[in-house]
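To start, the structure itself, in structure tokens.
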Protein chains: 2
Amino acid sequence: MAEKGFRISKTPVWKKLKAHAEEMKRPEYHLKQLIQEDGRMEGFSLKHVDFFYDFSRQRVTRKTMDLLFELAKVAKVHRKYRDKVDGCKVNVTENRAALHTAARSFSGQSICVDGVNVMDEIDAVRRQMKEFSEKVHDGTVCGSTGKKFRHIVVIGIGGSYLGTEFVANALFAYADKGMELHFLSNVDSHNFETIKTKIDPESTLCIVISKSFTTVETMANAQQMKAYMTSCGLDAVKHFVTVTSKGSPGDKGKESGIETFHMFDFIGGRFSVTSAVGGVPLSLYLGYDRFNQFLEGAREMDIHTKYAPSPENIPLVSALIGIWNNNFLGYQAQAVIPYASPLSKLAPHIQQLNMESNGKSVTINNYEIDQSSGVIIFGEPGTNAQHSFFQLAHQGHPFPIDFIGVITPQYPEGGCRPHGVSNHQELWANLISQATALAVGKDSEEKTRFFQGNRPSSTILLNDLSPVNVGRLLAYYEAQTVYKAFIWDINPFDQFGVELGKTIANDLRREIVARNTNPEHSFGHMDEITRFYLERLFAGRLPL
Amino acid sequence: MAEKGFRISKTPVWKKLKAHAEEMKRPEYHLKQLIQEDGRMEGFSLKHVDFFYDFSRQRVTRKTMDLLFELAKVAKVHRKYRDKVDGCKVNVTENRAALHTAARSFSGQSICVDGVNVMDEIDAVRRQMKEFSEKVHDGTVCGSTGKKFRHIVVIGIGGSYLGTEFVANALFAYADKGMELHFLSNVDSHNFETIKTKIDPESTLCIVISKSFTTVETMANAQQMKAYMTSCGLDAVKHFVTVTSKGSPGDKGKESGIETFHMFDFIGGRFSVTSAVGGVPLSLYLGYDRFNQFLEGAREMDIHTKYAPSPENIPLVSALIGIWNNNFLGYQAQAVIPYASPLSKLAPHIQQLNMESNGKSVTINNYEIDQSSGVIIFGEPGTNAQHSFFQLAHQGHPFPIDFIGVITPQYPEGGCRPHGVSNHQELWANLISQATALAVGKDSEEKTRFFQGNRPSSTILLNDLSPVNVGRLLAYYEAQTVYKAFIWDINPFDQFGVELGKTIANDLRREIVARNTNPEHSFGHMDEITRFYLERLFAGRLPL
């Protein structure tokens, strides 16, 4: 797949970018100068259908962009991306394809993995989700006592719920099926107890989501929820469905509840929102048609991502700018600040998507990478973020920001105009002013009122927060993440970094079981620190 | 107050710490070695009543700690802290005291600012909150149509709601007053529309929280909410109370609703949870007695913070370790990972508390600081975080972590033991294993399975999540934040960094008002980028 011996940081263009980054420190390249150039907005923004990407306030010049496009070429990102969407096994460490894009393909074209057209199965699951959600909505499928389902409890962790949570929040205004959605992710019993206070068991449908059906947290929660439903006098099996791999322990018998929807090894958790992982809960919550519109938006961004040449390719340009900020300008974090409350769960989703995909230390050819890869992603909606951590953004440690603006809100505006502007206009005044303030800064004799400026940001604009546009936004971030990995030559689809903690937890679980079984079981053979914690857990309190 | 000419980074001990940090890079100081030392746990942990702080897995030795204590001494932190709690005007740029600690003082001792004992007013507000919450709970104070209040809408942004949100979530299990709590913070109309779908206006009490009563977002939301209540046929005034400064526009007449609770200029927003800002909503939500227990916990940590000598002072030790990690080991971010779902809003609160307080670039004597101050704070509860961004924590860009464990959960455990362990035990197996895995790492021939280790963390243990312990936790983080600032010699109580954005937003608001009033008003005089955004806002969509 990748060239043996290839290291992006050893290429001439990487060195040219390093030198150029030094040059960019000069005062004439301060953002307050750059943004005044004629045609800056026109030259440093891109639009594809309803998706607008403005990078005029990034610390880049024409030369920067040309070098970055050369970097993309050297990294052969277009070929890698096409290999990916065509079903090649780009996830080399796990010998798997990475086909989240197939989950929203409607072209009718085959996509083959190991000689099998995966579209047949994908289409079948789509039809199954459509039929199932319709039956739930019309009451044909209902609880064991005949009550219509009104509460959906998603039992899944990480990629099995973060994307769904993002989309469900983003499209709350479209959720007209009378359903409430709950997320039982954490193994923490508080999570379960809180949900118990919010649901009506008779009208509750649980969706257990786990590819292997062995995820510890998910299995523990499913079991706890099943026991609870039974204790309420219900036939628990009739309140469960599963989303899992074909042939997993959740794909048969009582474990599968009333229905099983398949997920596939060629779609990783953090990329699975457009598969049955997101599809089952979202089609119940929003209706299948709206879920389908969401898929269509994602699909459209996928096509753009595959075919647009580098200088017009929005996810690629933003990936290159991310790498520029990280590896050449030295920013080690990135904030995602949507000026739209419905996108309040975007940052946690992108946090997982990016940090799990690109938080790697080894290239696809097993070289230790000698530059940093993934950065820390965090964020809250604006203007909330302004009243929380923007002090640091303006006068402390700088970090690049993705601002996101939405031109038309989901609800018609009321007549209230407290300062002569509507609340939506107020929101926009802030969206515009923050990016400007960060870029331009302000001189002041008073040191406490001095703003260095030169703090970069991009702004994404959407016409509205329709299902289609939320699909575009999701696919944009997915593609950006993948393009970054392809430039660094790392595998964004595995996650071996989570294994060590699991292994140690397994050992500890055995110790806990031993003590549960035999109160005399000693932790004396464990190291001092571990022993202390285990003893506290069993003692039920700190030492006096 | 502070010595003129003093710069912490120019002190001999700072230089010694720099040299020592180089030394600590040596393999014999890898955490996998350090934690094996005899007595490591005993020597590198502290306990105060029910609060346990374990820093055995930080990259520190006895020598590191001794140097750090010398640093604290040179920075005169104890004197600065005592000056603060005694009412000196430590917020020099705004000529104000910083007395959040007075909000939970029960000693009966006077604390004077400008010759006035502030405890009189603080006590009066406490009594007022107690009486008011009792009257609401027994129905003496009710809505304009006679319905008992069941929904509380907190209208406030930043420090006016983040702390309350953290505590309310932490103590959800104690919220037995039949109240639902909602937060209307963002000026985004989606925030308002979502809350509208969740409340019953007749039984809704709105608490408008703003020190100046001019905060743009809060005023816009209060006005919108008032218009909505009126449109429901209610006497809106009877559904509002205010928390604001004496003499502010919200402290008189119709604006003040049925009652006003005072807040004071000597308690900044992000430090205001224990004042009326948190007190009014929390005493309604939890009952005054529980709010008072929460205050008592905070108080007890305050006393420890003031009197404990450096080596035993938990907030100071953790502040020193934070500075060690940031300025000497070079970590530019910090995660807060509670293994307790009720603490899900702790990280956003600490994010504001730390980043707004310490995201500064100038010392108290107006020197530009030449080392970094505040870092990026982020976090999610474990085990959720493990399934999201811990890949990066283990194999990517390292960052120190505060783990938080709770020995006894708020709910009694069910009998479910899927793998022979209860869910709470499973949670603990993960809590222990993550800190170990990060510290120790793992050698492997296979590069993808190699873990570098040497990744530092602290662990805070609490016996339970009672109101008292949540108070301790809050006060711990507040004190840690202040101690860091006192070591850096910066002012943690101002926030001039948010001013520039506000100024530019004011200019833009004027432009928007002009166009609202006169559709012919041109944005031609604005810069190209600003013009583009304003035109899009009014056009209602992107260019075709």
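The values are calculated or read from the model by the stated rules, or taken from the named source; none is laboratory data. Keep in mind that this is a model prediction, so the values were computed, not measured. Positions of Cβ are backbone-derived with ideal geometry, glycine not excepted, and every protein chain shown enters the neighbour counts.
Among what's in segment B:391-417 and is in contact (Cβ under 8 Å) with a residue 60 or more places away in the chain, crowded, with 22+ Cβ neighbours inside 10 Å and in a loop (DSSP other than H, G, I, E, B), pick the residue that is nearest to the other protein chains (Cβ to nearest Cβ).
Restricting to residues being in contact (Cβ under 8 Å) with a residue 60 or more places away in the chain, crowded, with 22+ Cβ neighbours inside 10 Å and in a loop (DSSP other than H, G, I, E, B), the top hit is B:Phe399.
Return a yes/no flag: does segment B:136-144 have any residue that is touching a Leu at 6+ places or on another chain (Cβ under 8 Å), within 26 Å of B:Thr274 (Cβ to Cβ), of a type outside the set (Lys, Arg) and crowded, with 20+ Cβ neighbours inside 10 Å.
Yes, the conditions are met somewhere in segment B:136-144.
Might you let me know whether segment B:6-21 holds any residue that is at pLDDT below 95 and aromatic (Phe, Trp, Tyr)?
Yes.
When residues of segment A:365-379 are filtered for being more than 7 Å from every other protein chain (Cβ to nearest Cβ) and modelled with pLDDT of 95 or more, how many remain?
Total satisfying the criteria: 2.
Do the conditions hold for A:Asn186, that is, is it under 26 Å from A:Gly268 (Cα atoms), touching a residue at least 24 places away in the same chain (Cβ under 8 Å), under 19 Å from the mean Cα position of the chain (by Cα) and buried (at least 22 other Cβ atoms within 10 Å of the Cβ)?
On the way: under 26 Å from A:Gly268 (Cα atoms): yes; touching a residue at least 24 places away in the same chain (Cβ under 8 Å): yes; under 19 Å from the mean Cα position of the chain (by Cα): yes; buried (at least 22 other Cβ atoms within 10 Å of the Cβ): yes.
Spelling it out, A:Asn186 is indeed under 26 Å from A:Gly268 (Cα atoms), touching a residue at least 24 places away in the same chain (Cβ under 8 Å), under 19 Å from the mean Cα position of the chain (by Cα) and buried (at least 22 other Cβ atoms within 10 Å of the Cβ).
How many residues does segment B:402-426 contain that are among the aliphatic types (A, V, I, L, M) and either closer than 18 Å to A:Phe523 by Cβ or not assigned by TED's automatic domain parsing to the domain that holds B:Ile314 (or both)?
Result for segment B:402-426: 2.
With A:Gly43, A:Gly108, A:Gly5 as the choices, which residue is in the same structural domain as A:Ile267 (by TED's automatic domain parsing) and either over 21 Å from A:Ala435 (Cβ atoms) or without any contact (Cβ under 8 Å) to a residue 40 or more places away in the chain (or both)?
Details: A:Gly43 fails: in the same structural domain as A:Ile267 (by TED's automatic domain parsing); A:Gly5 fails: in the same structural domain as A:Ile267 (by TED's automatic domain parsing).
So the residue among A:Gly43, A:Gly108, A:Gly5 that is in the same structural domain as A:Ile267 (by TED's automatic domain parsing) and either over 21 Å from A:Ala435 (Cβ atoms) or without any contact (Cβ under 8 Å) to a residue 40 or more places away in the chain (or both) is A:Gly108.
Scan A:Asp464, A:Asp507, A:Asp489 and give me the residue that is out of contact with any Pro (no Cβ under 6 Å at 6 or more places or on another chain), under 30 Å from A:Leu46 (Cβ atoms), within 11 Å of chain B (Cβ to nearest Cβ) and of a type in the set (Asp, Glu).
A:Asp464
When segment B:418-458 is examined, which residues are found to be within 29 Å of the chain's Cα centre (by Cα), more than 8 Å from chain A (Cβ to nearest Cβ) and not aliphatic (A, V, I, L, M)?
B:Asn454, B:Arg455, B:Pro456, B:Ser457, B:Ser458
Need the failing condition index for B:Glu380 against (1) in a helix (DSSP H, G or I); (2) in contact with a strand residue (DSSP E or B) (Cβ under 9 Å, 6 or more places away or on another chain), just the number.
For B:Glu380, the exception is condition (1).
Taking segment B:235-264 on its own, how many of its residues are surrounded by 17 or more Cβ atoms within 10 Å (Cβ to Cβ), of a type in the set (D, E, K, R) and touching a residue at least 60 places away in the same chain (Cβ under 8 Å)?
So the count comes out to 1.
Would you be able to tell me the number of residues in segment A:294-332 that are among the polar types (S, T, N, Q), surrounded by 20 or more Cβ atoms within 10 Å (Cβ to Cβ) and more than 20 Å from A:Thr61 (Cβ to Cβ)? Before the answer, list the steps.
Going residue by residue through segment A:294-332, those that are among the polar types (S, T, N, Q) are A:305, A:310, A:313, A:318, A:325-327, A:332.
With the extra rule that they be surrounded by 20 or more Cβ atoms within 10 Å (Cβ to Cβ), the set shrinks to A:305, A:313, A:318, A:325-327.
Within this subset, residues satisfying the condition of being more than 20 Å from A:Thr61 (Cβ to Cβ) are A:305.
The total comes to 1.
Kindly provide the set of residues from segment B:258-298 that are closer than 28 Å to B:Val237 by Cβ and hydroxyl-bearing (Ser, Thr, Tyr), ordered by number. Full working, then the answer.
Of the residues in segment B:258-298, the ones closer than 28 Å to B:Val237 by Cβ are B:258-265, B:267, B:269, B:272-273, B:275-288, B:291.
Listed by number, the residues that qualify are B:Thr260, B:Ser272, B:Ser275, B:Ser283, B:Tyr285, B:Tyr288.
Within segment A:346-385, how many residues turn out to be of a type in the set (Asp, Glu) and touching a helix residue (DSSP H, G or I) at 6+ places or on another chain (Cβ under 6 Å)? Even if it seems obvious, please write down each step before you answer.
Of segment A:346-385, the ones of a type in the set (Asp, Glu) are A:356, A:368, A:370, A:380.
Pick out the ones that are also touching a helix residue (DSSP H, G or I) at 6+ places or on another chain (Cβ under 6 Å) and you get A:356, A:370.
Final tally of qualifying residues: 2.
Got a sec? Which helices (runs of 4 or more DSSP H) wholly within segment B:128-236 have at least 1 residues that are touching a helix residue (DSSP H, G or I) at 6+ places or on another chain (Cβ under 7 Å) and assigned by TED's automatic domain parsing to the domain that holds B:Asn354?
Correct list: empty, since no element meets the threshold.
Of all residues being among the charged types (D, E, K, R) and touching a Leu at 6+ places or on another chain (Cβ under 8 Å) in segment B:322-364, which is nearest to B:Pro409 (Cα to Cα)? Just the residue, please.
The initial filter retains those residues of segment B:322-364 that are among the charged types (D, E, K, R), namely B:345, B:356, B:360.
Now restrict to residues that are touching a Leu at 6+ places or on another chain (Cβ under 8 Å): B:345, B:356.
Values: B:Lys345: 17, B:Glu356: 32 Å.
If we take residues in segment B:322-364 being among the charged types (D, E, K, R) and touching a Leu at 6+ places or on another chain (Cβ under 8 Å), then B:Lys345 is nearest to B:Pro409 (Cα to Cα).
Tell me, yes or no, whether segment B:286-293 has at least one residue that is surrounded by 24 or more Cβ atoms within 10 Å (Cβ to Cβ), more than 20 Å from A:Thr383 (Cβ to Cβ), of a type in the set (A, V, I, L, M) and not assigned by TED's automatic domain parsing to the domain that holds B:Thr481.
Within segment B:286-293, one or more residues are surrounded by 24 or more Cβ atoms within 10 Å (Cβ to Cβ), more than 20 Å from A:Thr383 (Cβ to Cβ), of a type in the set (A, V, I, L, M) and not assigned by TED's automatic domain parsing to the domain that holds B:Thr481.
How many residues does segment A:340-364 hold that are more than 24 Å from B:Gly453 (Cβ to Cβ) and more than 8 Å from every other protein chain (Cβ to nearest Cβ)?
Looking only at that region, the number is 8.
So B:Gly497 clears everything in (1) within 8 Å of another protein chain (Cβ to nearest Cβ); (2) crowded, with 18+ Cβ neighbours inside 10 Å; (3) free of Cβ contacts under 8 Å to residues at least 60 places away in the same chain except one condition, right? Which one?
(3)
Of the conditions (1) touching a residue at least 12 places away in the same chain (Cβ under 8 Å); (2) farther than 25 Å from B:Pro409 by Cβ; (3) facing chain B (nearest Cβ under 8 Å), A:Leu534 fails just one. Which one is it?
(2)
Any idea how many residues of segment B:35-74 are within 11 Å of chain A (Cβ to nearest Cβ) and out of contact with any strand residue (DSSP E or B) (no Cβ under 9 Å at 6 or more places or on another chain)?
Residues flagged as within 11 Å of chain A (Cβ to nearest Cβ) and out of contact with any strand residue (DSSP E or B) (no Cβ under 9 Å at 6 or more places or on another chain) within segment B:35-74 amount to 10.
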